[in-house]
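The values are calculated or read from the model by the stated rules, or taken from the named source; none is laboratory data. Everything numeric here is computed off the predicted structure, so don't read it as measured data. Cβ atoms come from the backbone with ideal geometry, glycine included; neighbour counts cover every protein chain shown. The protein model used for the area step is the full one, side chains on, heavy atoms only, and it has no ligands, DNA or RNA in it. Shrake-Rupley method; radii C 1.70, N 1.55, O 1.52, S 1.80 Å.
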Amino acid sequence: MRCVIISGSPDTSVEEIKTLCTDDDFIVCADSGYTFARKAGLNPDLIIGDFDSLEEELPKDTEVVKLNTVKDDTDTEHCVMECIRRGYKDFLLLGSVGGRTDHTFANIAILSFLSEYNYHGVARNNGEEIQILKEGTYNMHGKKGLTFSVFPYGCESVNVTYKGAQYPLDRYTLTYNVSRGISNVFSDENAEIVVNRGRAILLTYYKR
């Protein structure tokens, strides 16, 4: 099963939550993410937070984990760690991008943690999808026509190969201080990104 964590970015798309969540998902709300889940007509399986930003009453028929407001990590990170403890390996983070830049950056760090320890993690909001890719081959099936950008993440450079892209690359090195990796397009239904060396952040856009 997939674990979907709904956070509380002010830019959260309720329509996207409706579209992307399925009956088979384990739905977790991070604090005020519960507001967006309710607007989307969802009943979460678990709510976690210090509830410093939630303005409505919590449901009485849902499991709730109350956190101390004095802490040095985020409600979203607590959700991820709790669901890892429960055995989940596949994560979709909604409402985790946009609003305060520091919160967005913290949630990208969570994606990096998931990648590092061989979990699958994707953040999605308003048609923007973010993944962290370590060394390996990644199939981009079904993304033909979508714009994507790749940059080094947590390192000075990343060496990549693109197959089935408008601008193919063969063992090309992207460095942290240039914008060379921006705005490519998947041109094949079975495109591939190969990270030969280093670590990359992949941003894919479902809206132009």
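Brief remarks on what is shown
- Taking 13 Å as the straight-line reach from the Cα of LYS144, the aspartates and glutamates in range (excluding those fewer than 8 positions away in the same chain) are ASP188, GLU189, GLU192.
- The chain - percent relative contact order, Cα under 8 Å, separation 6 or more: 19 percent
- The residues of the chain have, on average, 51 Å² of accessible surface per residue, using a 1.4 Å probe with all protein chains present.
- Among beta bridges from DSSP that stay inside the range 1-157, the antiparallel ones total about 10%.
- J(HN,Hα) series, the range 67-78, from Karplus relation 6.51 cos²θ - 1.76 cosθ + 1.60, nearest Hz, glycine and proline x: 9, 5, 5, 8, 7, 10, 9, 9, 4, 4, 5, 4
- Entries of LYS89/LYS143; LYS89/LYS207; LYS39/LYS60; LYS143/LYS207 with Cα pairs more than 21 Å apart: LYS89/LYS143; LYS89/LYS207
- Adding -39500 (n - 2.57) for every DSSP H run of four residues or longer, then dividing by how many residues the chain holds, sets the calculated 222 nm ellipticity at -6000 deg cm²/dmol.
- Carbon and sulfur %, accessible surface of the range 136-208 computed with the full protein complex present, 1.4 Å: 49 percent
- Between ARG180 and THR137, the simple spin-label model (points 7 angstrom out along Cα→Cβ) gives 2.4 nm.
- Gain on full stretching of the segment that runs from TYR167 to THR69 - 0.36 nm per residue minus C-alpha separation: 30.5 nm
- Antiparallel DSSP beta bridges within the range 95-188, percent to nearest 5: 100 percent
- Taking other residues whose beta carbon is less than 10 angstrom from the beta carbon of ASN190, and scoring Lys, Arg as +1 and Asp, Glu as -1, yields 0.
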